[in-house]
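What follows is a short report on a single structure.
Just so it is clear, none of the values below were taken in a lab; they were calculated from the coordinates. For clarity, every value in this text was computed on a predicted model and none was experimentally measured. Every residue, glycine as well, gets a Cβ built from its backbone with ideal geometry; the counts of neighbours run over all protein chains shown.
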Amino acid sequence: MTIGGIVFDLDGTLIDSRGDIAAAVNHVLAKLGYATLPLEVVAGYVGDGAKQLIVRAAGLPPNSPEADPLLEEFLEYYTAHAADETTWMPGALEALNSLRRYPLSVCTNKPRPTTLAVLRSFNALDRFATLVCGGDIPKLKPDPMPLRLIAERLDCPANSLIIVGDGPQDIECGHAVGAFAIGVHGGIAAPERLLAANPDLVLASLGDLPEAIARLEAR
């Protein structure tokens, strides 16, 4: 198998950002008079971009104009506090170090300002050939557009990519372009949602990824 690049989801795959996301959501909810939520509830709303996160947390209709000021406040607060509690996921840093001979990219529905804030706090921006973030283009994962853009930037066929993520959005996005989609347990998405998307391979943690990549390349 010829590998054109390895593409990582961010939240729940490379980083454990649940605490900072929940803190930012609850800051907004409390400031604007909404009830705050437990971390586990907020985590269940993560994965489809910041606007959907805020809409779900506030219990608003998907296109409600009431979401706009909440989203603005969320992005401002979260960008300023994007790495107060956030850590690498288990095995993430080791996997990135082991796989640095490949072009590595991030494909996330997280907005670019907060993505950059986190990666800069970890001094990790130079680890990635390219980033495609929420708001960069009109579509979010699971739409294939973000992954096609990464393939274009890496100058490789989209079906030569390997996408690694903890949620169904990552797996479905990968399958839509014919990429090999690897699911990783232990992230933010519920395991049953990940498995329902039918990943091509499922790993217990990112620590298992380098060996899995070696096996794939040897096919």
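In table form, for the structure just shown:
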read-out: The chain, relative contact order in percent, only Cα pairs under 8 angstrom and at least six apart counted; value: 27 percent
read-out: Proximal aspartates and glutamates to residue 139, defined as alpha-carbon separation beneath 15 angstrom and excluding residues fewer than eight positions away on the same chain; value: 48, 170, 172
read-out: Estimated translational D of the chain in µm²/s (Stokes, Kirkwood radius over Cα pairs; 37 °C; 0.692 mPa s); value: 189 µm²/s
read-out: Percent antiparallel among DSSP beta bridges (both partners in the chain, rounded to 5); value: 10 percent
read-out: Restricting region 48-103 to trypsin sites (Lys or Arg not before Pro) in coil, as DSSP defines it, with at most 16 other Cβ within 10 Å; value: 100, 101
read-out: Cα pair distances of region 18-80 binned at 5 Å [whole percent]; value: 3, 21, 36, 29, 10, 1
read-out: Gained length - residue 193 relative to residue 88, 0.36 nm times residue gap less alpha-carbon distance; value: 35.6 nm
